[in-house]
Amino acid sequence: MGVVASRFHQGLIDAVTGSERVARENDPRLYNLLENLCISRGVPMPRLKIMDTDRLNAFATGLSEKQYAITVTRGLLAALDDAELEAVLGHELTHIRNEDVRMMVTAVVIAGVISFFGELVFRWLDVLPRWSGSSSSRSSSSSDSKKGGGGAFVAILIALALIALAWALSLVIRFALSRSREYLADAGSVELTKNPDAMISALMKISGKGELEGVPSGLMEMCVDNPRSGFADLFATHPPIEERIDALVRFAGGHRPPPQPQPPAIEAPAPPSPWGPPAAA
């Protein structure tokens, strides 16, 4: 699983999302924005990819400098202005600089290994009755076989409980790390762009529009926003957008845009009376 994750995960992600690599001549606006951010911090430029969907989201992937890539959706390119798009790119570049992507891929692999061992236990549980039956036929004492079967059943229950606990703890730790990393990535974007208002505006536009249909949950965890909520926020991978905006306002000096004035409601004219207009007094 580690070899597959390290060598083939980017190809698998591209196959699932249908992302295509972008060169400067294909989208100079997007390319130049990311290139300027990389030059300002002296970091190698990751590959750029575009996912053909009208949803608003972006994510970073990769385990090394040769694999790092940032993918944005076409909907994000159309909805955000240059400052907002630069803020989102800074967010994803911060994930790469902080090695969050490598950590998340490693966490996913660890959770997968635990699930794999859990599957082995369940397979063993299917085979055990046949083993118990064959051994009891050769045993001279049926009481001994019952005692042995009872002990094996208790051992299986303990093993299942430990595996379930380890799997649940790995998920909780993974999601908690992901939530804290989102705050740090927002702060890193502000450090790169010196524009907290752009990050706030981008988050407000992305909120509620980031669901990528057909994309597995493991990949949604790496996106700017993951609208798939968890039970009682325990398994939520991202903080609510409102809390992230509040953090940018409180600690980065950002400002919420003023609410847009709502047009006055226009009352519909009353329907004409079937008796005609009222008579003059």
*Filter the range 184-216 for residues that are under 17 Å from the mean Cα position of the chain (by Cα) and among the β-branched types (Val, Ile, Thr); which is surrounded by the most Cβ atoms within 10 Å (Cβ to Cβ)?*
Ile206
*asked:* Which condition from (1) at pLDDT 95 or above; (2) more than 17 Å from Glu84 (Cα to Cα) is the one that Gly218 breaks?
replied: (1)
*Pairs where the first residue, in the range 33-47, is farther than 14 Å from His95 by Cβ and the second is acidic (Asp, Glu) and at pLDDT 95 or above, C-beta under 6 Å, 6+ apart*: Leu33/Glu86; Met45/Glu35
*asked:* Looking only at residues that are farther than 17 Å from Pro46 by Cα and at pLDDT 80 or above in the range 1-20, which one is surrounded by the fewest Cβ atoms within 10 Å (Cβ to Cβ)?
replied: Ala15
*State the number of residues belonging to the range 25-59 that are surrounded by fewer than 18 Cβ atoms within 10 Å (Cβ to Cβ) and aliphatic (A, V, I, L, M).*
3
*Has the range 60-82 got any residue that is out of contact with any Asp or Glu (no Cβ under 6 Å at 6 or more places or on another chain), at positive phi, in contact (Cβ under 8 Å) with a residue 40 or more places away in the chain and surrounded by 13 or more Cβ atoms within 10 Å (Cβ to Cβ)?*
yes
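The values are calculated or read from the model by the stated rules, or taken from the named source; none is laboratory data. Bear in mind that the values here come from a model prediction, so they are computed numbers and not experimental data. Cβ coordinates were reconstructed from backbone atoms using ideal geometry, including for glycine residues, and neighbour counts include every protein chain displayed.
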